[in-house]
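This report concerns only the one structure given below.
The values are calculated or read from the model by the stated rules, or taken from the named source; none is laboratory data. Quick caveat: nothing in here was measured; it's all calculated off a predicted structure. Here the Cβ is made from the backbone with ideal geometry for all residues, glycine too, and neighbour counts use every protein chain on show.
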Amino acid sequence: MLFKQKKDLVGIDIGSSSVKLVQLREAKGGYQLVTLGLAKLSAEAIVDNAIMDSQSIIDVVKNLVESLKVKTKNVATSVSGHSVIIRKIQLPIMTEEEMEASIQWEAEQYIPFEISEVNLDFQILGPDSNDASQMDVILVAAKKDFVGDYVSLFKECGFNPQVMDIDCFSVQNVFEANYGIDDEIVALIDMGASSMNVNILKSGMSVFTRDIQVGGSAYNEEIQKRFGLNNEDAEKVKLGGAIDEVSSDDVTEVMNNATETLTQEVQRSIDFFSATSSDEKVQKAYITGGVSLVAMVRESLANRLGVPVEVLDPWRQVSFSEKEFDPEYLQSVGPVFSVAAGLAMRRMGDK
Ligand SMILES: Nc1ncnc2c1ncn2[C@@H]1O[C@H](COP(=O)(O)OP(=O)(O)OP(=O)(O)O)[C@@H](O)[C@H]1O
Ligand SMILES: [Mg+2]
């Protein structure tokens, strides 16, 4: 080959509270940060992971892309929520090609949607540990109309959607790129505004995933209720801002209670994994997403799980120019960009 065409991708994560954009360049032993940006979405734009007001999202994405002067037209993006089903299944050992040919048929018994209405994908994990004639496979099904809404949105913004990922696999990607793969059983927990996604890895393979339909907006709801504030002021209070007639002790109490509710939900999912997988226990957890920035979350979860909990640093192996990016800012917002960074590390042709 005389030359390899470099096909750049920009990673765009449309979360329920904001759009995150990351562009990376491959560099020696890792990546270099090229572009980074975030723009808020209105609370009505995305509800239950579904696009409710596409025009407002298109406007936000277009403005963000313009202000960051992004020229790349190829985009990697991801979806999550009820319209996406991820199942670990066992099948007789077969090749990738055989699997490709039979996936539609195999999927029928595991997927609660009409097979004609979903996009299917799979990854063969390897032989099953209990039965050598079987192999473990991760099956992914996403509703076509749901994925189609995201594809059309990006097309309307002038992008070519090249990679359609799942949020939790994108976090797995950014984790592997930054921390490598080892034999430990590790839980990755993306704690966003309206949902939390748990992905448990064993030797770098996803063995359990779960979506929890509650997230950082639980803090806002509790603060609004307790102090009679609107959502905007509640967000301010949550991020540590002062508002007249709201005592900081009361805020701490409300924040602590909401933190316990959230971490209890995560603990439930992880307990469910332990109960259903033969004597396998999570040995370490990494948290990410905006909620991982709430001061008490890490400690609350570590107490509940009884294992070390760390905030995932998506920039661990990413270099950047200090002239262009403020290191302190990058570090302080890192967890918010994990999904987008994982997307930016995808390459065209990746599944
Ligand atoms: N510094 C911070 N301290 C506390 N909370 C924060 C901080 N930064 C962001 N958050 C909260 O994190 C949430 C946003 O996180 P994130 O951007 O990961 O969510 P999202 O991707 O928009 O949502 P989802 O993934 O659920 O669709 C919001 O609830 C926001 O208030
Ligand atoms: Mg998110």
Being more than 14 Å from ligand 1 (Cβ to nearest atom), at pLDDT below 95 and not acidic (Asp, Glu) is the requirement here; does GLN134 meet it? no
State yes or no: is GLU310 at pLDDT 95 or above, among the charged types (D, E, K, R) and assigned to a strand (DSSP E or B)? yes
Among the candidates THR263, THR209, residue that is assigned to a strand (DSSP E or B), buried (at least 20 other Cβ atoms within 10 Å of the Cβ) and of a type in the set (S, T, N, Q): THR209
Residues satisfying the stated conditions in region 275-293, i.e. aliphatic (A, V, I, L, M) and more than 14 Å from ligand 1 (Cβ to nearest atom): ALA275, VAL282, ALA285
Unmet requirement for LEU153, which otherwise passes all of (1) touching a Ser or Thr at 6+ places or on another chain (Cβ under 6 Å); (2) part of a loop (DSSP other than H, G, I, E, B): (2)
Anything in region 9-39 that is more than 13 Å from ligand 2 (Cβ to nearest atom), of a type outside the set (A, V, I, L, M) and either assigned to a strand (DSSP E or B) or closer than 15 Å to LEU343 by Cβ (or both)? List them, or say none. GLN23, ARG25, GLU26, GLY30, TYR31, GLN32, THR35, GLY37
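Conditions tested, residue by residue: (1) surrounded by fewer than 13 Cβ atoms within 10 Å (Cβ to Cβ); (2) among the aliphatic types (A, V, I, L, M); (3) out of contact with any Leu (no Cβ under 6 Å at 6 or more places or on another chain).
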| site | (1), (2), (3) |
| --- | --- |
| VAL65 | no, yes, yes |
| SER83 | no, no, yes |
| ARG87 | no, no, no |
| PHE113 | no, no, yes |
| ALA132 | yes, yes, yes |
| VAL140 | no, yes, yes |
| CYS157 | no, no, yes |
Failed item in (1) under 27 Å from the mean Cα position of the chain (by Cα); (2) surrounded by fewer than 17 Cβ atoms within 10 Å (Cβ to Cβ); (3) part of a loop (DSSP other than H, G, I, E, B), with GLY215 passing the rest: (2)
Among the residues that make up region 165-173, is at least one of them in a strand (DSSP E or B), closer than 30 Å to LYS7 by Cα and away from ligand 1 (no atom under 16 Å from the Cβ)? no
